[in-house]
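J.: Pasting a structure here, questions to come.
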Amino acid sequence: MEESNPFSPTFPVNPKYFANRKDILSSFRKSFDRSKKTERPTPDNIAILGDCGVGKTSVLRKFEAIALEEFKDRKVFSAIIGFTPISCNSFNSIFQKVVDEISGNFVTNTPVTTEMRNEIKDWRTKSIGAGTKAESEGAKRDESATRIFRDALIELWKILEKRGIDTGLLMLDDAHYLIIGCPDALSEIRTLFQELPKNGCNFILCITGRGDIFSDVKGHNGIFATFFNIKYTLNPFKLNEVRDALLTPLKMSGLDLTVNESVIEKIHDLTMGCPVFINFIMRELVCLKEKGRITLGDFEKNYRTIITSMGAERFQSDFSIASSKEREILLAMSKLSDRFSPSDISIKDARSHLRFLIKKGLIVKHERGKYSLYHPFFKEYLRSLGDK
Ligand SMILES: Nc1ncnc2c1ncn2[C@@H]1O[C@H](COP(=O)(O)OP(=O)(O)OP(=O)(O)O)[C@@H](O)[C@H]1O
Ligand SMILES: [Mg+2]
């Protein structure tokens with residue numbers, strides 16, 4: 001049956017249109033298969049790293065679909081917890097976010113009875129109450145806050161186990177935000193997850209984050225490397241992967257459309273293989289015709305519309321997270337060559353702002369002290385602002 005436009009740059013990809021990433025999916029399948037419930041379970045811990053828009057949340061959604069649909073003999077409970085900077089002000093706010101999202105958004109391949117829903121609701125109320133009480137008594141990132149978090153997950157496991165669930169999948173998306181407001185949060189989460197299997201809990205932990213997430217936690221880099229026994233960095237798509245990311249959704253959604261090879265090459269060149277920009281382009285191109293081939297001429301005629309939609313839907317908000325001084329620096333950067341040195345920026349003190357711009361994902365540092373804006377499309381957007 002024909003479906004609506006399968007491309008969306010603003011949502012993670014529907015798992016049925018998921019393309020590429022065969023290695024990490026096969027590691028996940030093996031990992032899930034061996035993380036079985038026993039008296040003393042040994043679930044894996046998985047870290048997926050990558051830049052903004054490269055496909056981290058999509059991988060988590062695909063993991064969830066695999067666990068629920070492919071392992072018919074397993075009873076699975078899964079929740080994806082998406083962090084934002086605002087949800088990470090304190091260890092207690094992180095804990096509350098986790099509890100809230102588990103109770104509100106969990107999925108399972110077992111029947112969900114009213115009784116189960118009510119039990120999870122009660123678990124939420126009790127857990128949040130305990131966290132708030134501890135916080136008001138002065139516990140922040142110390143032992144008691146971590147203990148409350150751990151005990152809440154043990155309680156949750158008891159509820160699940162009673163219903164025959166054998167595997168929990170807890171996925172913390174965009175975990176780099178955790179360390180902004182709470183530098184020890186990742187270390188504390190690691191400590192409490194290490195204790196869960198001793199209490200019989202079979203929770204597989206998956207986190208996603210920017211590539212430098214572990215190096216930001218001072219002195220703990222090595223500890224994380226061993227704790228997350230599966231660690232995988234998502235790279236932008238190569239040409240053959242771009243082809244797959246275009247053609248798989250077209251085919252799976254039943255649209256009678258294909259894309260000329262020259263368009264695929266052009267998209268690969270311009271997007272540098274970044275999935276989010278591939279989706280911006282394809283969303284517009286798919287609207288052009290009901291069937292047939294999308295040609296280079298179609299692409300070129302619609303290029304300005306595509307760029308305008310990227311500006312309105314993505315780059316405006318990227319630009320808005322920069323301070324006014326940072327905006328001035330970004331505009332100056334857009335006039336330089338693609339790779340530039342700090343000394344090329346003719347703004348006083350620009351150098352001291354670079355690391356904040358990196359943290360915000362707006363610029364990238366390359367080898368030998370060279371920098372670039374995070375994507376050529378962003379550069380084009382900034383230049384258009386500068387011209388106004
Ligand atoms: N494997 C994939 N196959 C097809 N499309 C994908 C794939 N991965 C990502 N995409 C597309 O790329 C875009 C970005 O994906 P996603 O939101 O998962 O990235 P992200 O790394 O989580 O982004 P952010 O850093 O903004 O949270 C979406 O439009 C999604 O549809
Ligand atoms: Mg995401």
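J.: Through the Karplus equation 6.51 cos²θ - 1.76 cosθ + 1.60, θ set to phi - 60°, convert the phi angles of region 250-263 into ³J(HN,Hα) values in whole Hz; use x for Gly and Pro.
T.: Result, ordered by residue: 4, 5, 5, 8, x, 6, 8, 10, 9, 10, 4, 4, 5, 6 Hz.
J.: To the nearest 500 deg cm²/dmol, what mean residue ellipticity at 222 nm is calculated for the chain from DSSP H runs of n ≥ 4 alone, each contributing -39,500 (n - 2.57), summed and divided by the residues?
T.: Values: 16 runs with 197 residues, N = 388.
Helix contribution divided over all residues of the chain: -16000 deg cm²/dmol.
J.: Using 0.36 nm per residue of separation minus the Cα-Cα distance, give me the extension gain between Gln194 and Tyr303 in nm, one decimal. Before the final figure, lay out each step's value.
T.: On the way: separation 109, 0.36 × 109 = 39.24 nm, distance 5.05 nm.
Full extension from Gln194 to Tyr303 adds 34.2 nm.
J.: Apply the a/c threshold of 1.5 to the C-alpha gyration tensor of the chain and tell me whether it is rounded, prolate or oblate.
T.: Values: a/c = 2.19, a/b = 1.35, b/c = 1.63.
Oblate shape, in that a/c is at least 1.5 and b/c is the bigger or equal ratio.
J.: Moving on. Between rounded, prolate and oblate, where does region 1-100 land on the alpha carbon gyration tensor, with a ≥ b ≥ c its root eigenvalues, rounded for a/c under 1.5, else prolate if a/b exceeds b/c? Don't skip to the end; give the middle numbers.
T.: Working: a/c = 1.77, a/b = 1.04, b/c = 1.71.
Here region 1-100 falls in the oblate category.
J.: Using θ = phi - 60° and the Karplus form 6.51 cos²θ - 1.76 cosθ + 1.60, what ³J(HN,Hα) does each residue of region 29-34 get, whole Hz, x for Gly and Pro?
T.: Going residue by residue, I get 4, 5, 5, 5, 4, 7 Hz, with x marking Gly and Pro.
J.: Next up: Using 0.36 nm per residue, how much length does the chain from Phe11 to Asp122 gain when fully extended, once their Cα-Cα distance is taken away?
T.: Working: separation 111, 0.36 × 111 = 39.96 nm, distance 3.11 nm.
Length difference between fully extended and current span is 36.9 nm.
J.: Treat each spin label as a single point 7 Å out from the Cα along the C-beta direction, and report the Lys238 to Ser215 distance in nm.
T.: Going by the 7 Å Cα→Cβ label model, 2.4 nm.
J.: Please work out the average accessible area per residue across region 321-388, using the 1.4 Å probe convention, and give it in Å².
T.: Value returned for region 321-388: 58 Å² of accessible area per residue.
J.: Keeping the other protein chains in place, figure out the carbon and sulfur percent of the accessible area of region 236-370, with a 1.4 Å probe. Kindly include the intermediate steps, with their values, before the conclusion.
T.: Numbers: 3690 of 7120 Å².
The computed percentage sits at 52.
J.: Another one. For a quick check, take a GNM of the chain with Cα springs below 10 Å and name the residue from Ser352, Ser187, Ser372 with the largest mean-square fluctuation.
T.: Taking springs between Cα atoms under 10 Å, the residue moving most is Ser352.
J.: With 25 Å as the limit, write out which pairs from Lys56/Lys133; Lys36/Lys251; Lys22/Lys360; Lys325/Lys379; Lys97/Lys158; Lys62/Lys133 have Cα-Cα distances beyond it, or answer none.
T.: Values: Lys56/Lys133 34 Å; Lys36/Lys251 35 Å; Lys22/Lys360 29 Å; Lys325/Lys379 17 Å; Lys97/Lys158 20 Å; Lys62/Lys133 37 Å.
Listed pairs above 25 Å: Lys56/Lys133; Lys36/Lys251; Lys22/Lys360; Lys62/Lys133.
J.: Ordered by residue, what ³J(HN,Hα) values in Hz, to whole numbers, does region 277-289 give under the Karplus form 6.51 cos²θ - 1.76 cosθ + 1.60, where θ = phi - 60° and Gly and Pro are x?
T.: 6, 4, 5, 4, 5, 5, 4, 6, 5, 5, 6, 6, 9
J.: Taking the Cα-to-Cβ direction at Leu336 and at Glu313 and moving 7 Å from each Cα, how far apart do the two end points lie in nm?
T.: 3.1
J.: With the crude spin-label approximation of a point 7 Å out along Cα→Cβ, what separation in nm comes out for Leu296 versus Arg40?
T.: 6.5
J.: In terms of the Cα gyration tensor, with a ≥ b ≥ c the square roots of its eigenvalues, is region 321-388 rounded because a/c is under 1.5, prolate because a/b exceeds b/c, or oblate?
T.: Details: a/c = 1.34, a/b = 1.20, b/c = 1.11.
Rounded shape, in that the Cα axes give a/c under 1.5.
J.: So, one more: Can you tell me the orientation of helix 185-195 relative to the chain, as the angle in degrees between its alpha-carbon axis and the longest Cα principal axis, to the nearest 10?
T.: 40
J.: Follow-up. Under a 1.4 angstrom probe, counting protein chains only, how are Asp44, Asp212 ranked by accessible area, largest first? It would help to have the intermediate numbers written out before the result.
T.: Details: Asp44 10, Asp212 55 Å².
If we order Asp44, Asp212 from most to least accessible, we get Asp212, Asp44.
J.: Sticking with this structure for a sec: Taking the alpha-carbon distance from Lys335 and a cut-off under 20 Å, which aspartates and glutamates remain once sequence neighbours fewer than 8 residues away in the same chain are dropped?
T.: Asp318, Glu326, Asp344, Asp349, Glu380, Asp387
J.: While we're here: Taking only Cα atoms, what is the 0 to 90° angle, nearest 10, from helix 350-359's long axis to the longest principal axis of the chain?
T.: 50
J.: Which angle from 0 to 90°, rounded to the nearest 10, does the C-alpha axis of helix 143-162 make with the longest principal axis of the chain?
T.: Helix 143-162 sits roughly 80 degrees off the main axis of the chain.
The values are calculated or read from the model by the stated rules, or taken from the named source; none is laboratory data. These figures come from a predicted structure and were not determined experimentally. For neighbour counting, all protein chains shown are included, and Cβ atoms are generated from backbone atoms with ideal geometry for every residue, glycine included. Just so you know, the surface numbers come from the protein's heavy atoms only, side chains and all, with ligands and any DNA or RNA stripped out. Shrake-Rupley method; radii C 1.70, N 1.55, O 1.52, S 1.80 Å.
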